[in-house]
Structure formats: structure tokens, C-alpha cells
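Chemist: The following block contains the structure, expressed as C-alpha cells.
Bear in mind these aren't lab numbers, they're just calculated from the coordinates by the rules spelled out. All values reported here derive from a predicted model rather than from experimental measurement. Methodologically, a virtual Cβ is constructed for each residue, glycine included, from the backbone with ideal geometry; neighbour enumeration extends over all protein chains shown.
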Amino acid sequence: MTDATQAGSMVPAKSIISVDDRTKKRHAAEKRFQAYGIAAIATGVFFLIFLLGSILFNGVTAFQQTFIQVPIYLNPMTLDPEGNRDPAEMAKVSTFGYAPILENSMASMIEAQGIETDVEPDGLDALFSSSAAAQLRNRVLSNPDLLGQTIDFNILATSRVDGYFKGRVSRESIARDRSIDAEHLDIVDALREEGSVVKRFNLAFITGSDASESRPEQAGMGVAMMGSLYMMLVVLGLSLPIGVFASIYLEEFAPKNRLTDIIEVNISNLAAVPSIVFGILGLAVFIQFMEFPQSAPLVGGLVLTLMTLPTIIIATRAALQSVPPSIRDAALGVGASKMQSVFHHVLPLAMPGILTGTIIGLAQALGETAPLLLIGMVGYVATNYPDGIASGFMDPNSAMPAQIYEWAKRADPAYYERAWGGIIILLVFLFAMNAIAILLRRKFERRW
Amino acid sequence: MPLFWLIGIVALMAAAGYVLGRGRAVSGVDGDRRRLHSLPSYYGMNVTLKVAVPALTLMIVWLIAQPIFVEMRVTGMIDGAAISDSRNADLVMSDVRRLAFGLDRAIDQGVLTSSEAAQLQVDPGAIRSTLGQAGVALGSEVTEQVLRAAQQYRLLATRGAWAMSVAVLLLAGGGFLLAMRQTDAEFRARNVVERAVHLILISAACIAILTTLGIVLSLVFNTVEFFRIYPASEFFLSTTWRPSFGGGSQLGILPLIWGTLYISLIALIVAVPIGLFAAIYLAEYASKEVRGIAKPALEILAGIPTIVYGLFALLTVGPLLMRIFGDGGLGWMQASTAVMTAGLVMGIMLIPFVSSLSDDVINAVPQSMRDGSYGLGATQSETIRQVILPAALPGIVGAVLLAASRAIGETMIVVLGAGAAARISGNPFESMTTVTAKIVSQLTGDADFGSPEALVAFALGMTLFVLTLGLNVFALYIVRTYREQYE
């Protein structure tokens, strides 16, 4: 027993069993160093979550829109004075003729529900969007038989009412707002109790067109999506063949000479040129020099093609390199020409890699904004769908990222919600494209 | 749309040519394919190529050359009288173009017939109202000369379009006949086709050179133009940036360079430590599972478009910083758009850029060096700090330089997040502006391209191009010169 206690007290100052101070320090330094690494990754992931979270938090509400359900009596006397139910004649009654109908119907509904208010009927237009009258008119013109009936119409509420429902607008924030009063909000509250004000899925945000500054509740991404689609068609149609041909030449045919070197250096430098410089190129060459129309998806597509080319070339060359030389040798051995060995054997085997690179390049191009600013795709209010393929390429249009930028710059905070919502749509496209690229790679990737 | 029809017709001829050429070759040897020099499809391809390639090349060249030619001819019609002191030739020409475009629109919509448009008399009010019906608003008064020039412009443009259609179709037809005549059993179709494809491959590779050439030429020409009307010394040395579209602008680049560098510096201060430590952890410590999750997660940050970061800066980070450093908090910040806002968000954007490049470099250090260090009793962190990092340093410096070049060229984040005031100040909570943001603001206004206020954007673009290119070349140089060659 005593031996043991003695042995305990006889531990030498230095031992390989107990840890000395220096080693402790070194181990602590080791722990710290690891902790820095974990902290760095955690910070990065936190930023990612914060970013995606704020996109979702701010943007999801754009997919819901507030409507006021009002029974409307469509008086044939005012809407179709001739009585022929002929849409051409009825079109003479402009949207200004429909606005009072909305106001009066709403006033009578408010009266019928026993809501007391000091707001005159013609002050009720602060509650609904200025495009609501046009929507009612379109509905009547497309179906003249509705005249004389009482229909339940969902009036698109203004962005203020919409914002009040979504918590963006409060009674304090409208104190200096001339377009709506607290009394209007009282009506809205009372209507909500009656169940006449509803929030619904906002299909118009996905399919609709951009609206003017004063009607954020009507603005949608649809037309800009078409602009992006036409741009991507140009990018795909040009950058895939050019990129693949260029890579085949550089990888399979190019002799080692000056020209090849220059091309190689050029491609790697182009990949690092800031995107805005490509915008300057587009402006100076395509618009000033060749006089292509401004804001046209064709020009946007051309600029983005030049920008995506390096990405596609680099991916394609990697894909071509990964095809083993034995394939080429075998083809040559059975009598194929060099060209045949490349186009019949190497290219098909490299295709999954090429497509993956192309999709990733397209995804980059889809989100690119800066060059589009310079060729005029921002500031153009895209209100109409193009009416044909030619006009889709040549007529001024917007594009998804340009539309988001446009909304972000507008003064009305209601547009910020739209911008976030637009980002969700854009990111859905990007994630889908990247997912397809990853799936392609997983499914077709070959290890030699 | 005649152009689309033209392309369609040529494409149709090319497709028909394939079938006919192939058929002719096969029938020429009575269906005995072994007597042909090449596979039958090469004969078809030969016809297709000879129809499409020269015709479409001519079309593209014509489309580029015609406006220049028409412009030259029409500019000759406008003499000194129309170009009074306040209106230069460019402005008059843009009037002419506008009027010509308006007449086209009017004809499209049936407001005018083409013969009416050609014989239109000078009656400014009437022209204005006619074009107004077609939805074209005219800027300035229409003078006799402008109207004549516009009519001439339209005439030349229409004639040119017709001449192009005829020439393209003739060329396509000629190619078709030539190729068909060539087709017989002895014809070496494969060799001809392969030579043509080879040329097509080379020209595709040359697009990269053309793009660079286009960038350099468009920047150089306009920059020279700018320095002709604005002194270069002022541009490079003045510390005031005050463009005014009425004239008398002060366009000194220094405040913009300062803003650019300041924002980039903050971005790098955020991105480099986080990116580097993340890369070290992922390469040296992380288990396979952690790496499999954390690496793609960080790379998502790189795939998010910059407009999203811009909006994030403007609407989330800016107000957040404002709450901490603004009037309610520390009182350092006046507006939510500031150097700090843009720098912080740009830093987040650059994290994956630094981390994945450094990750590659660290992974490239051979395992034997780690083992040697462990064998001497070093801990893992000592090995990393004293063996791996020094070995990987050139690559890491290269990665940081590339990240810096990205930061300098970044546009959307600074356009939305940094503010618009050009100033030189040390306070990171003040709003400043950058070269890229000013390129956007100078070129998206309504200024005409002849004014120094618009041309300055090209000089700024040139500066940016040289700066980023220089950084890239420098990064490559460092990596190449100081790289340790293992194995």
C-alpha cells in the first residue's frame, strides 16, 4: 500500500505518461486550429442559410395576392347601350366606364354587411388596383352574356391592402401615404371578418407581364421569362456548336504552333474578363457598329454566348481528354480517318461531359445581369408577350435577372417583394438546370 | 420576315442537296456502292456544305456591311447646312434613322403605303401626326433634307435587302450546281468534306480571338475618342468625379479606383480567412461525410447569380448594418448602401472561390511531406502551418489574386449595395462608388455616344480590363514561377 503512494509521489518532472506543459500547449494549439477551420465552414454555411432564408422569407409572399370578392351587377344599360351584345360595340365603354361599377358594387356590399364607414363610394378606389377595372372589362367583353347578371368578381386589391395583409404595411407606415387612409384599412379589417377579402395563389406573378410603377400588385415575370428563354435559345444554338468545334480543333487537330498558343491564352483570359466588359463589347459592336436593335434578346444572347464560350470550351476539352487514346487508335486501326474517329467515336463518348458543361454554362448565362444593363434590357418595361418567333428574338424585351434589377430599383417597397419572388423563380430554374447536369454526370459518367 | 425566309430557303436547299447528292452518287454507279470512292453520305454532305456555307457566310458579311455602306451614302447627302452649331452630324443621322424607322413602322401598320412614303412631302405637322398614328414619336423638327435622307436611307436599305436575297440565293444555287456536277464515282468526297470541316473547326476556334479583338478594339477606339475631347491627365489624376450632361463635367477616375479597391479589400478581408480555413479543414481534417456535405454547400454560394447578392446587400445586409451602426445604434452610418455593405456581401460571394482554389492547391501537396513532418513529431496543425502552407503558398496567393480580380470586376453588388457618391474617404460606413458601377450609370442614361460623359465609360472599361487582365497574368506568373515541382 505504501509502495503505491510512494510511487505516486515519485512521478518525475518529465514522463511519457503525463503530459508536460509544452505538449499541452501544442495540443491546445491543435484544438484551436481545428476550431478555426470548423468556425470558417460554419460561417460559410451560415451565410448560405442566411441568404437562402432571407430569399424565401421575403419572396414567398409574392406568390400570394390579396383579392376582394364582390358581387357585381353588370348593368346592360350602361355597359351595352345599343343592346346588341356585340363585343365590338361594347368595347366603346372604356375602363373608365367600369371603374364606377366596381366602386358602387363595393359600396353596396359594405352597406349590406353593415359596416359603418365615412368613406364615400368614389373613395373606395383606394382599395383596388387600377387594373381591376380593365380585368372586369376583359371578362365582360369575352363573355357578353354576363350582362344583366350579378357575378362574383375577385377584385385585385392594391399593393397597400395586399401589404397590410402580409404585414408590410401598417397603420403607422401609411400615415404619410396619400393613396390610402386608416379608414380604408378599417373597411378591410371588417371585410376580412366577413370573409370577403382573401389571399390566393398568384398565378399572374408567374405568367403575367411587368406593370407600371404604380401597380406593383399586377407585375409578373412571365414576359421576362420569355425574354430569357429566347436569349438562352440563342446561347445554346451558338455556343454549343462553336464551343464544341473549337474544343475539337484544339484538342484533336491543332498543331503546336503560334496560332494555337494564342488561342489557348485567349480562351483562358476571356474566362477571367469581367462580365461588364462583355456588355461594353455588345454595346459597341452589336448595337453601335452593326446596328442591331436595343434591348433585343438576340443581342443579349450574342453577348452571353461570347461569355459562356470559355466555360463550354474548358468543359468540352476536359471531356474530350478523358476519352482514352485507345478508342482513337482502335478507330484508326480499322481504317477510319482522323475526322471519322473523332466524330464517330470520341465525340459521342464525350457527349455527357459536354452536355453537363453546357448546362452549367447556360445556368451561369441565365443569371448574368451586368452585360444586359448595357445593351438596354433594363429600363424597358416588358408589358407584352412577343407575338411570334421573329419578334421574340428581335423585339425589345426584358430578361429574368434584368427584371429583378428593375424591380429592385423602383421606389415602392411592394416591388421589393416582387424582386425577391423573382429571385425564387430564377433560383428554381438554376437549381433545376444544375440538378439535370449532376444527374447527367451521375448516369453517364464513365471511368476508363 | 424575309431574312428568316431566306435562311429557311437556304436550309431547305441544303437538306434537299444532301438527298439529291447522295442519290446521284449512288445511281451513278447503279447502286453498287463499292465502286464509290467515299461513303454515299459524304457525297450528300459535299452538296450540303457547298450550298449552305458560302451562302450563309455571304449573308452574314452582307448584314454587317450593308448598314455601314448605307450610312456612308446617306451621310454624304447631309451637308453643312443641316449641321448647325448645336447639332452635329451624329444627331442629324439619328434623326434620319428614326424617321426611316418610323416610315417603316407606318407602312407595316397600314397607315401609309410604300409609294406614299417615298413621295412624302415636307410638311412637318402631317408627318408627325401620320407617324404618331403608327406609334412613333419624332424628336426634333423634320427638315427637307432629313426627309430626303430618310427616304434615301429606306430606298438603299430595301434595295440592299433585295440584292442580298438574290445574291445569297444565286450563290446557294451555284454551289448546288457545282457540287452536283462534281458528284461521280471518282470524286473524292470524303477528303473534300473533311477539309471543309477542318476549316470550320479552325474558324470556330478563332471566334475566341475575334472576341478578344472585338473587346480590345471597341475599348481602344472609344477610349481614344474620349481622350481627344477630354484631357488624359485630368482623367487619371483628378480627384473629382462630377459628370454633368450639360457639359463641363469633371471626370477624374481616382475616387472610383479608391472605391473599387476599398470594397475589394473588405471583400478579401472577409473571404480570404474564411475561405482559407475552410479549405484547410476540408482538405486535412474533415471526414469524407463532412467533406461531401460542406464542399457542395459552399459551392452553392458560387452558383448564385450576382443579382441575388446585389438584392441581398440592398435589402437585407444594408438595413441590418444600419440597425447596428446607424443612427439607432452606433451612429456611424448614414445610409444602408455603403462600402461595408457591398464589401461584406462580395466577401460572402468570394468565399467558395478562395476555398475551392486553395483546396485544390493544398490537395496537390504530396502526402510524403505530411508523413515526413508527422514522423518528426509535429502535430497536424504544425504540419499544416509549417510544411503544407509554405508549399502551397504560391497557389494560394494566385487564388487570392484571382479573387481580387473578381472583386474588382464585380458589378451588380456594387451597383445595388455601394451607393452612388464618388468620394475618397477612409470611413467604410460611407457610400462610395466603383469603376463598374459608373460604367453602368454612364451608359444607361440617355446621353448620346459622342459626349465625353458617355465615352468616359469606355475609358473606365479599358482601365478595368487592363487592371483585371494584369492581375490574372500576375497570378499566373506567381503560380508558375514559385511553384514547387514535386515528383
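Chemist: Summing -39500 (n - 2.57) over the DSSP H runs of n ≥ 4 in chain A and dividing by its residue number, what mean residue ellipticity at 222 nm do you reach, to the nearest 500 deg cm²/dmol? If you can, show how the numbers build up before the last one.
Modeler: Numbers: 20 runs with 268 residues, N = 448.
After summing the helix terms and dividing by the residues of chain A, the value is -19000 deg cm²/dmol.
Chemist: Using the Cα centre as the reference, give the magnitude of the dipole from point charges on the C-beta atoms of chain B (Lys, Arg: +1; Asp, Glu: -1; all else neutral), rounded to the nearest 20 debye.
Modeler: Details: 32 positive and 33 negative charges, 259 e Å.
Dipole of chain B, to the nearest 20 debye: 1240 debye.
Chemist: Sticking with this structure for a sec: Checking understanding here: applying a Kyte-Doolittle mean of at least -0.5 and a length along the axis of at least 24 Å (C-alpha), which whole DSSP H helices in chain B pass?
Modeler: Values: long enough: B:2-28 (37 Å, 1.29); B:40-77 (56 Å, 1.02); B:89-108 (28 Å, 0.28); B:144-182 (56 Å, 0.59); B:189-229 (58 Å, 1.47); B:254-280 (37 Å, 2.24); B:339-364 (36 Å, 1.45); B:389-409 (29 Å, 1.60); B:452-482 (44 Å, 1.51).
The qualifying helices are B:2-28, B:40-77, B:89-108, B:144-182, B:189-229, B:254-280, B:339-364, B:389-409, B:452-482.
Chemist: Sticking with this structure for a sec: With a 10 Å cut-off between alpha carbons and a GNM built on chain A, which of A:Ala365, A:Ala175, A:Ala62 moves the most?
Modeler: Result for chain A, Cα springs under 10 Å: A:Ala175 fluctuates most.
Chemist: Calculate for chain B the 222 nm mean residue ellipticity that helices alone would give, adding -39,500 (n - 2.57) per DSSP H run of length 4 or more and normalising by residue count, nearest 500 deg cm²/dmol. Mind dumping the intermediate values first?
Modeler: On the way: 19 runs with 350 residues, N = 487.
Rounded to the nearest 500, the figure is -24500 deg cm²/dmol.
Chemist: Another question, then. To make sure I understand, if each residue's beta carbon is the centre and we count other beta carbons within 10 Å, what order do B:Tyr43, B:Tyr281, B:Tyr477 fall in, fewest to most? Walk me through the numbers before you get to the answer.
Modeler: Details: B:Tyr43 32, B:Tyr281 25, B:Tyr477 13.
With the fewest neighbours first, B:Tyr43, B:Tyr281, B:Tyr477 line up as B:Tyr477, B:Tyr281, B:Tyr43.
Chemist: Could you list A:Lys443, A:Lys338, B:Lys438, A:Lys166 in order of exposure, starting from the residue whose Cβ has the fewest other Cβ atoms within 10 Å? Could you put the intermediate results ahead of the total?
Modeler: Numbers: A:Lys443 8, A:Lys338 14, B:Lys438 25, A:Lys166 18.
The order, fewest Cβ neighbours first, is A:Lys443, A:Lys338, A:Lys166, B:Lys438.
Chemist: On a 0 to 90° scale, report how tilted helix A:400-409 is relative to the longest principal axis of chain A, with both axes built from alpha carbons and the result rounded to the nearest 10.
Modeler: Between helix and principal axis, roughly 60 degrees.
Chemist: Is the C-alpha gyration tensor of the range A:263-343 telling us rounded, prolate or oblate? Criteria: a/c under 1.5 is rounded; beyond that, a/b larger than b/c is prolate, otherwise oblate. Please report the intermediate quantities before stating the final value.
Modeler: Numbers: a/c = 3.99, a/b = 2.52, b/c = 1.58.
It comes out prolate by the Cα gyration axes.
Chemist: Which whole-number percent is the relative contact order of chain A (Cα, under 8 Å, 6+ apart)?
Modeler: Details: 580 pairs, mean separation 81.9, N = 448.
In percent, rounded to a whole number, it is 18.
Chemist: Placing +1 on the Cβ of each Lys and Arg and -1 on the Cβ of each Asp and Glu in the protein assembly as shown, which of A:Val346, B:Val365, A:Ala336 has its Cα farthest towards the positive end of the resulting dipole?
Modeler: A:Ala336
Chemist: While we're on this one: Cα axis of helix A:297-321 to longest principal axis of chain A: angle in degrees, 0 to 90, nearest 10?
Modeler: Around 30 degrees separate the two axes.
Chemist: Here's a follow-up. Placing +1 at every Lys and Arg Cβ and -1 at every Asp and Glu Cβ, with all other atoms neutral, what dipole size does the range B:331-449 have around its Cα centre, in debye to the nearest 20? Present the calculation step by step, with values, prior to reporting the outcome.
Modeler: Working: 5 positive and 8 negative charges, 39 e Å.
The dipole of the range B:331-449 has a size of about 180 debye.
Chemist: Throw me the Rg/Rh for chain A, computed over C-alpha atoms with Kirkwood Rh, two decimals. Walk me through the numbers on the way to the answer.
Modeler: Working: Rg = 32.4 Å, Rh = 27.4 Å.
Value, to two decimals: 1.18.
Chemist: Rounded, prolate or oblate for chain B? Axes are the square roots of the Cα gyration tensor eigenvalues, ordered a ≥ b ≥ c, and the cut-off for rounded is a/c under 1.5.
Modeler: Details: a/c = 2.76, a/b = 1.26, b/c = 2.20.
The shape class here is oblate.
Chemist: Only four residue types carry charge here, +1 at the Cβ of Lys and Arg and -1 at the Cβ of Asp and Glu. Report the dipole size of the protein assembly as shown about the Cα centre in Debye, rounded to the nearest 20. Mind showing how you got there, number by number?
Modeler: Numbers: 66 positive and 75 negative charges, 841 e Å.
For the protein assembly as shown, the charge dipole is close to 4040 debye.
Chemist: Sorted by average packing, counted as other Cβ atoms within 10 angstrom per residue and highest first, what order do B:144-156, B:187-199 take? The partial results should precede the final answer.
Modeler: Details: B:144-156: 19.5, B:187-199: 17.5.
Most protected by this proxy first, the peptides run B:144-156, B:187-199.
Chemist: Order of B:Ser355, A:Ser142, B:Ser425 from fewest to most other C-beta atoms within 10 Å?
Modeler: Details: B:Ser355 32, A:Ser142 9, B:Ser425 15.
Ascending number of Cβ neighbours within 10 Å: A:Ser142, B:Ser425, B:Ser355.
Chemist: Given a 10 angstrom Cα cut-off, can you work out which residue in A:Ser108, A:Ser18, A:Ser214 is the most mobile in a GNM of chain A?
Modeler: A:Ser18
Chemist: With contacts defined as alpha carbon pairs under 8 Å and 6 or more residues apart, what's the relative contact order of chain B in percent?
Modeler: Working: 598 pairs, mean separation 74.9, N = 487.
The value is 15 percent.
Chemist: Less than 19 Å apart at the alpha-carbon level, and either on another chain or at least 8 residues along: which lysines does that give for A:Lys166?
Modeler: Straight-distance partners of A:Lys166: A:Lys199.
Chemist: Taking chain A as the reference, fit the longest principal axis to its C-alpha atoms, fit the long axis of helix A:258-270 to the helix C-alpha atoms, and give the angle between the two in degrees, 0 to 90, nearest 10.
Modeler: 50
Chemist: When you look at the Cβ of every residue in B:378-388, what mean number of other chain Cβ atoms sits within 10 Å?
Modeler: Average neighbour count from other chains, rounded to a whole number: 3.
Chemist: Determine the shape class of the protein assembly as shown: with a ≥ b ≥ c the square roots of the Cα gyration tensor eigenvalues, call it rounded for a/c under 1.5, and otherwise prolate if a/b is greater than b/c, oblate otherwise.
Modeler: Values: a/c = 1.68, a/b = 1.11, b/c = 1.51.
Judged from the Cα gyration tensor, the protein assembly as shown comes out oblate (a/c at least 1.5, b/c at or above a/b).
Chemist: Once you have all Cα-Cα distances for the range A:222-444, histogram them in 10 Å bins from zero and send the whole-percent values.
Modeler: Per 10 Å bin, starting at 0, the Cα pair percentages come out as 8, 29, 31, 20, 9, 3, 0, 0.
Chemist: Which one of B:Val220, A:Ile155, B:Val47 has its Cα pushed farthest toward the positive end of the charge dipole of the protein assembly as shown, where Lys and Arg give +1 and Asp and Glu give -1 at the Cβ?
Modeler: It is B:Val47, whose Cα lies furthest towards the positive end.
Chemist: Right, here's the next one. Would you please calculate the Kirkwood hydrodynamic radius of the range A:65-201 over all C-alpha pairs and express it in Å, rounded to one decimal?
Modeler: Details: mean 1/r = 0.0643 Å⁻¹.
After inverting the pairwise mean of 1/r, the radius is 15.6 Å.
Chemist: Pick out which of A:Arg178, A:Arg410, A:Arg192 has the largest mean-square fluctuation in a Gaussian network model of chain A, springs linking Cα atoms closer than 10 Å.
Modeler: Among A:Arg178, A:Arg410, A:Arg192, the largest mean-square fluctuation in the Gaussian network model of chain A belongs to A:Arg178.
Chemist: Counting partner chain Cβ atoms within 10 Å of every residue's Cβ in A:49-56, what's the average?
Modeler: Working: counts 1, 5, 11, 4, 1, 6, 5, 0.
Per residue, the average neighbour count from other chains is 4.
Chemist: What is the mean number of Cβ atoms from other protein chains located within 10 Å of the Cβ atom of each residue in peptide A:364-371, rounded to a whole number?
Modeler: Neighbouring Cβ atoms belonging to other protein chains average 5 per residue here.
Chemist: For B:Leu155 and A:Ser391, what is the calculated FRET efficiency with R₀ set at 25 Å and r taken between the beta-carbons, to the nearest 0.05?
Modeler: Working: r = 25 Å, r/R0 = 1.00.
The pair B:Leu155/A:Ser391 has a calculated efficiency of 0.50.
Chemist: Here is a follow-up. Arranged from highest to lowest average of other beta-carbon atoms within 10 Å per residue, in what order do the peptides A:27-34, B:64-71 appear?
Modeler: Values: A:27-34: 14.0, B:64-71: 15.5.
Result, highest mean Cβ count within 10 Å first: B:64-71, A:27-34.
Chemist: Additional query: Which Cα, out of A:Pro144, A:Tyr73, A:Val285, lies furthest along the positive dipole direction of chain A (beta carbon charges, K/R +1, D/E -1)?
Modeler: Toward the positive end, the furthest listed residue is A:Val285.
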